[in-house]
Each structure stands twice: as C-alpha cells, then as structure tokens.
Amino acid sequence: MPRPVPRPVPVIGVFALQGDVREHLATLTELGVEAIPVRRPVELERCDGLVLPGGESTTMAKLARTFELLEPLRERVRAGMPTFGTCAGMILLADRILDGAVGQETIGGLDVTVRRNAFGRQVDSFEADLDVRGLDAPVHAVFIRAPWVEEVGADVEVLAEAEGHPVAVRQGHLMATSFHPEVADDGRIHRLFLDLVG
Ligand code: GLN
C-alpha cells in the first residue's frame, strides 16, 4: 500500500513592522501552521497566507511604504493570497476609510468602508460576547480603539456585528475583524481564516 504523502504545512506570515505580532504568531503556531514574522519582501514571498495585526494603521502603512513592502503586499492581496486583518489590520485591508489621517494609505482589496476609532468616540476599549457566523458558541471579543465597518460591498459577507455595525467580515480570500482574536485564548477565529488558506 502506498503511504499517503504528507501535505506541506502552510506558511502564514504576520506583518511585523508594528503591532500585536507575537500573539498572532503564538496562536497560529498552536493551530499547526508555520508562522513567520514578515518585515521584508523576501519573507512575504514565502507566505501562503498573511495576518495584518492590530496596532496603529497610520504607522503600519508608513512603515510598509518605507520598507518597500506596501506594493508587494498590494500585489499579493490582489493576486489572491488569503489575508486576515485584525483591528488596524482591518483598516489596512479596507478599500475606503473614514476618519483616517490625511493621506493615509491602505493595502486595500476588501470592498468595505471602515471608520477608524469608531467605538472610541464613546469608550476606548470594551469586551463583548459575539455570535459569529460559522461558529457554534459565542466568541469573547476584545475591542481596543476599534474600527467598525460602515458600508459593505455586494460580495462581502458579514460574520458578526456589534452595536449594529459589522465587526467581522469575509470576502473571498479576505477576512477582517474589528476585535483582537489573538488576545483571547481561543483559536476559532484564526481557524476560520485558515479554512481560507486550505
Ligand atoms: N485605532 C487604531 C488605528 O487606527 C487601531 C487600534 C488597534 O489596532 N487596536 O490604527
């Protein structure tokens, strides 16, 4: 009997010029993929999928431009690389932003309008148990100066809402959450993303 050929472990990058890099690397590693920090285009080339972490989206976009990572990121996302943005990472994936800094750039690809610091006008940070499409039990979501999604394009599927606004969305190979799934000890949201990687 021929033995089954083991499938190669996917390589998932975590954008690592700024943000919550370590927590994402730990969660991904626990889920059995090879998780690597991405600071340079050669590292991006190795990736089968990418996580854009929380942090400060203006700084992340500027650093990506400075380190010549912004155009390669745009190309890979456009070419279909599964990509998951959390919080600031959601802003980076959005095609349109409201309350952005003047001239704030994004990677884009996700057909949504995202409002930066949307909840933060009332409170800076909060936690909530959310029903997420595709998951049996609610997810404990941590929001930190979080954006919300203000408008979604026709191909965007809303996976979860908070205060009447989408806070988790999926569109083809792209996924984004306003909250920080990497800080909860719960790999289910990352697992939903890894389903896109295949
Ligand atoms: N408010 C931040 C921004 O605009 C995002 C906050 C976060 O990622 N926790 O980039």
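The values are calculated or read from the model by the stated rules, or taken from the named source; none is laboratory data. Note that the coordinates shown come from a computational prediction; the quantities given were computed from them, not determined experimentally. A quick note on method: Cβ atoms are made from the backbone with ideal geometry, for glycine too, and the neighbour counts reach across all protein chains shown. The area values use the complete protein model at the heavy-atom level, side chains included, leaving out ligands, DNA and RNA. Shrake-Rupley method; radii C 1.70, N 1.55, O 1.52, S 1.80 Å.
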Residue, surrounded by the fewest Cβ atoms within 10 Å (Cβ to Cβ), within the range 156-181, restricted to residues that are farther than 17 Å from VAL142 by Cα and either out of contact with any strand residue (DSSP E or B) (no Cβ under 8 Å at 6 or more places or on another chain) or polar (S, T, N, Q) (or both) = GLY172
query = Any residue in the range 114-122 that is open to solvent by less than 30 Å² (accessible area, probe 1.4 Å), touching a residue at least 40 places away in the same chain (Cβ under 8 Å), over 16 Å from the mean Cα position of the chain (by Cα) and within 11 Å of the ligand (Cβ to nearest atom)?
reply = yes
note = THR59 meets each of (1) in contact (Cβ under 8 Å) with a residue 12 or more places away in the chain; (2) more than 29 Å from GLY153 (Cβ to Cβ) with one exception, condition (2)
Hits in the range 82-113 - residues which are open to solvent by less than 30 Å² (accessible area, probe 1.4 Å) and near the ligand (Cβ under 10 Å from one of its atoms) = GLY85, THR86, CYS87, ALA88, GLY89, MET90, ILE91, LEU92
task = Among the numbered conditions (1) in a helix (DSSP H, G or I); (2) buried (at least 24 other Cβ atoms within 10 Å of the Cβ), tell me where VAL77 comes up short.
result = (2)
message = List pairs: first residue in the range 1-25 and within 17 Å of ARG76 (Cβ to Cβ) and away from the ligand (no atom under 14 Å from the Cβ), second residue of a type in the set (A, V, I, L, M, F, W, C) and part of a loop (DSSP other than H, G, I, E, B) anywhere in the structure, Cβ distance under 9 angstrom, at least six positions apart or on different chains.
response = PRO10/VAL33; PRO10/CYS47; VAL11/VAL33; VAL11/CYS47; ILE12/LEU31; ILE12/VAL33; ILE12/CYS47; GLY13/CYS47
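Select from the range 11-26 the residues that are part of a helix (DSSP H, G or I) and crowded, with 17+ Cβ neighbours inside 10 Å and list them in ascending order. Please lay out each step first, then the result.
Quick first cut of the range 11-26, residues part of a helix (DSSP H, G or I) only: 21-26.
Matches in the range 11-26: VAL21, GLU23, HIS24, LEU25.
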key: Residue list for the range 123-155, filter: within 15 Å of the ligand (Cβ to nearest atom), aliphatic (A, V, I, L, M) and open to solvent by 50 Å² or more (accessible area, probe 1.4 Å)   = VAL123, ILE144
Hey, GLY55 within 15 Å of THR106 (Cβ to Cβ), in a loop (DSSP other than H, G, I, E, B) and under 16 Å from the mean Cα position of the chain (by Cα) or not = yes
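In the range 27-45, what residues are farther than 12 Å from GLU182 by Cβ and part of a helix (DSSP H, G or I)?
Correct list: PRO41, VAL42, GLU43, LEU44, GLU45.
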